[in-house]
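A.B. asks: Here you go, one structure.
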Amino acid sequence: MLIYGVAVLAGCYLLGQLTGEILGRLLHIDANVGGVGFAMLFLILISHWMQERKLFTTDMEQGALFWSKMYIPVIVAMSAIQNVQGALSGGLVAILAGVIPTAAAFLMIPLLAKLFHAHPETTTP
């Protein structure tokens, strides 16, 4: 069952990368825009959906958790290859490429909280 957890993670990664590539092309940018972030979002949504339906077993969770422990080192390695000086000299587009998605993510928090609210019988007054 561990392999199924890794398969869910891999599927989310591929879907996130595809989404990032499509977004990059729609914005006329020759780059993947937020592929890893989309992958993490898909993983959260799919694992929550699977847990509600009792499809995401403990063994599957262990398979996904194994790779989630690798997330921070991968992000650090990815950020190490970014051209920060080029981004800063890019001007307004580079700044907006960071500010707009961050603002959108903050605006999504209340929506996600409403979508995935706690069940009434588990909340305390």
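The values are calculated or read from the model by the stated rules, or taken from the named source; none is laboratory data. These numbers were taken from a predicted model, which means no experiment stands behind them. Heads up, the Cβs are rebuilt from the backbone with ideal geometry, glycines too, and the neighbour counts pull from every protein chain shown.
A.B. asks: Just need a number here: residues in the range 35-58 that are at pLDDT 85 or above, assigned to a loop (DSSP other than H, G, I, E, B) and touching a helix residue (DSSP H, G or I) at 6+ places or on another chain (Cβ under 7 Å).
C.D. replies: 0
A.B. asks: Could you please let me know if L23 is of a type outside the set (K, R), crowded, with 16+ Cβ neighbours inside 10 Å, in contact (Cβ under 8 Å) with a residue 24 or more places away in the chain and part of a helix (DSSP H, G or I)?
C.D. replies: no
A.B. asks: Still on this structure, I have one more. Using beta carbons and a limit of 6 Å, which pairs, at least six apart or on different chains, have the first residue in the range 47-62 and of a type in the set (F, W, Y) and the second one modelled with pLDDT of 80 or more and surrounded by 13 or more Cβ atoms within 10 Å (Cβ to Cβ)?
C.D. replies: F56/S47; F56/M50
A.B. asks: Here's another thing I want to ask about it. Which condition from (1) within 29 Å of I100 (Cα to Cα); (2) in a helix (DSSP H, G or I) is the one that E61 breaks?
C.D. replies: (1)
A.B. asks: I would also like to ask the following. What's the number of the condition A97 fails, among (1) at pLDDT 80 or above; (2) surrounded by 13 or more Cβ atoms within 10 Å (Cβ to Cβ); (3) outside the structural domain of A31 (by TED's automatic domain parsing)?
C.D. replies: If we test A97 against (1) at pLDDT 80 or above; (2) surrounded by 13 or more Cβ atoms within 10 Å (Cβ to Cβ); (3) outside the structural domain of A31 (by TED's automatic domain parsing), just (1) comes out false.
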